[in-house]
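Read through the structure below, which is laid out as structure tokens, and then see the notes.
The values are calculated or read from the model by the stated rules, or taken from the named source; none is laboratory data. Remember, it's a predicted structure, so these values are computed and weren't measured experimentally. Positions of Cβ are backbone-derived with ideal geometry, glycine not excepted, and every protein chain shown enters the neighbour counts. Calculation scope for accessible area: heavy atoms of the full protein, side chains included, ligands and nucleic acids excluded. Shrake-Rupley method; radii C 1.70, N 1.55, O 1.52, S 1.80 Å.
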Amino acid sequence: MRILVTGGAGFIGSNFLTRYVLRHPEHDFINVDKLTYAANPHSLTKVALKPNYTFVHADIVDAERIDAIFEEYRPDAVVHFAAESHVDRSILDPRDFLRTNVEGTFNLLQACRRIWKRDEGFFHHVSTDEVYGSLGAEGLFTEDSPYDPSSPYSACKAASDHLVRAWHRTYGLPVKITNCSNNYGPRQFPEKLIPLMITRCLEGRPLPIYGNGTNVRDWLYVDDHSDAIWAVMERGRVGETYNIGGNSEQRNIDVVERVCELVAREAGIPESQLTSLITYVPDRPGHDARYAVDASKLRDECGWEPTETFTTGLEKTVRWYLGNQEWVNQVTTGEYREWVSRRYPEAAKTV
Ligand code: NAD
Ligand code: TYD
């Protein structure tokens, strides 16, 4: 099978490719990625030279280019990770979110229709639980929860989910959608809560907590997300949505305190020195209070359950960042962006 993956140089996509290119030499994987600031080809070193892996540098917003790529590679399946993914960036500058997450998804759906007849092929859309908006103190998101997105990011992801469902109902495109809770793990760009806090602990810089720190997120280790996607690809029903969650609700302040505790232990820094860096800052506009996911449909139909607990996953994550400062420096110092513009000169203006 030829599987075209978009956004495979990002945090989750590179994890997915590293796991499944190696496990499935009988499938060919084509990774289409624009290499934005959030991507890092160094995250793909284990698969870069494998005969069943090909990298294609392209922007999914460029419809002609996407059509040409589909014409050339004629994929049997698409797994769509590519997105602008950070809520704070979406608040500051939403335009790229609309372009990539909505128009980019539209271009992919149209490209699929061009190469596949009705009921042919397979499109797996990777989405977020943030499309459901915010929960109160009780309850869980189910696949039937109404869409109620709060941020430009989640509104654009919600729009893309609607497009994918519509292309299934209207044009008979075989699709599956997964909506997953907050991921963490190695190789996450240090703008998201957990890697941001780890790297700032190591730099001795303030640890910014939005609002009063009581907002709750459900956390899932990235390996578990990749395996859930594969389980849905193999065993999920066409046209269906599956929620993915870690069954691990945490308040932000508790997450940050756990990070301080682990970094202190692993790096030999006094814990009080790190907790003293905790700084409450003005709240994020439209900040959702609580996310929590009912993933029982996925468990019952596809036999998937998370393997990491928050304790084991966070330990692995902290150890990875401590042992891979070079990766962090590459993505934060601009060295990586210089590499991208040397390697892909035509992208110099866009990355
Ligand atoms: P990321 O920001 O780490 O990576 C995104 C990748 O997409 C990068 O490699 C980037 O270069 C690529 N990309 C961006 N714009 C592109 C474009 N126009 N054309 C081609 N490639 C482009 O994101 P992530 O955290 O790995 O998230 C992957 C997917 O999973 C996203 O669709 C996101 O909405 C979804 N998701 C993420 C989380 C999470 O906690 N990170 C949770 C649930 C769902
Ligand atoms: P984030 O990692 O940006 O993921 P998302 O917004 O998609 O849930 O943020 C996770 C939670 O942490 C969210 O409630 C916002 C909060 N947060 C902070 O308190 N401080 C920070 O510096 C960041 C980046 C996030």
Using a 1.4 Å probe on the protein chains only, how many percent of the accessible area of the chain belongs to carbon and sulfur?
-> 48 percent
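Need the full-extension length gain, Glu271 to Leu92, defined as separation in residues times 0.36 nm minus the C-alpha distance. One decimal, nm. If you can, show how the numbers build up before the last one.
Working: separation 179, 0.36 × 179 = 64.44 nm, distance 3.34 nm.
Extra length available between Glu271 and Leu92 comes to 61.1 nm.
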From highest to lowest solvent-accessible area (probe 1.4 Å; ligands, DNA and RNA excluded), His168, His124, His24 read His168, His24, His124
Between region 2-58 and region 277-351, the alpha-carbon center distance in angstrom = 17 Å
Can you give the FRET efficiency for Arg74 and Tyr171, using 1/(1 + (r/R0)^6), R0 = 22 Å, r = Cβ-Cβ distance, to the nearest 0.05?
-> 0.75
What's the Kirkwood radius of region 267-351 in Å, using all Cα pairs?
-> 18.1 Å
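With runs of 4+ DSSP H residues as the only contributors, calculate the mean residue ellipticity of the chain at 222 nm using -39,500 (n - 2.57) per run, divided by the residue total and rounded to the nearest 500. Mind dumping the intermediate values first?
Details: 13 runs with 146 residues, N = 351.
Result for the chain: -12500 deg cm²/dmol, rounded to the nearest 500.
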Cα-only radius of gyration and Dmax that characterise the chain, units Å | 19.6, 62
Based on alpha-carbon positions alone, could you give the equivalent ellipsoid semi-axes of region 125-264 from the gyration tensor, as √(5λ), descending, whole Å?
-> 31, 16, 13
Order the following by accessible area, largest value first: Thr142, Thr6, Thr309. Probe radius 1.4 Å; ligands, DNA and RNA are ignored.
-> Thr309, Thr142, Thr6
In the full protein assembly as shown, how much of Leu163 is accessible to a 1.4 Å probe, in Å² to the nearest 10?
-> 40 Å²
Can you tell me the accessible area per residue over the chain, all protein chains present, probe 1.4 angstrom, in square angstrom?
-> 43 Å²
R0 of 22 Å, Cβ-Cβ distance Leu322-Ile278: FRET efficiency to nearest 0.05 | 0.65
If one takes the longest principal axis of the Cα atoms in the chain, at what angle in degrees, from 0 to 90 and to the nearest 10, does the Cα axis of helix 310-323 lie?
-> 90 degrees
Per-residue accessible area, 1.4 Å probe, largest first, puts Lys297, Lys157 in the order Lys297, Lys157
Work out the P(r) tail for region 53-119: percent of alpha carbon pairs separated by more than 13 Å, whole number.
-> 65 percent
For Glu234 and Lys117 in the same chain, what is the full-extension length gain: residue separation times 0.36 nm, less their Cα-Cα distance, in nm?
-> 40.0 nm
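Short version: what are the Cα gyration tensor semi-axes of region 118-200, square root of 5 times each eigenvalue, largest first, in whole Å?
Equivalent ellipsoid semi-axes, largest first: 28, 18, 11 Å.
Which value in Å is the Kirkwood Rh of region 155-198 over different Cα pairs? Write down the numbers at each step before the final one.
Values: mean 1/r = 0.0777 Å⁻¹.
Result for region 155-198, one decimal place: 12.9 Å.
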Which value, in Å² and to the nearest 10, is the accessible area of Thr45 when all protein chains are kept and the probe is 1.4 Å?
-> 100 Å²
Mind checking the angle between helix 252-267 and the chain's longest principal axis? C-alpha axes, 0 to 90 degrees, to the nearest 10.
-> 70 degrees
Any idea what % of Cα-Cα pairs in region 236-298 are farther than 20 Å?
-> 53 percent
Which ³J(HN,Hα) values in Hz, rounded to whole numbers, follow from the phi angles of region 133-141 under the Karplus curve 6.51 cos²θ - 1.76 cosθ + 1.60, where θ = phi - 60° and Gly and Pro get x?
-> x, 10, 9, x, 5, 10, x, 9, 6
Beyond 17 Å, what share of the Cα-Cα pairs of region 1-110 remains, rounded to the nearest whole percent?
-> 50 percent
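What length, rounded to one decimal in nm, is gained on full extension from Asn212 through to Lys50, with 0.36 nm per residue of separation minus their alpha-carbon distance?
On the way: separation 162, 0.36 × 162 = 58.32 nm, distance 4.73 nm.
Stretched out fully, the Asn212 to Lys50 stretch lengthens by 53.6 nm.
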Cα axis of helix 105-115 to longest principal axis of the chain: angle in degrees, 0 to 90, nearest 10?
-> 30 degrees
Hey, could you grab the Kirkwood Rh for region 206-316? Inverse mean 1/r over distinct alpha carbon pairs, Å, one decimal.
-> 15.9 Å
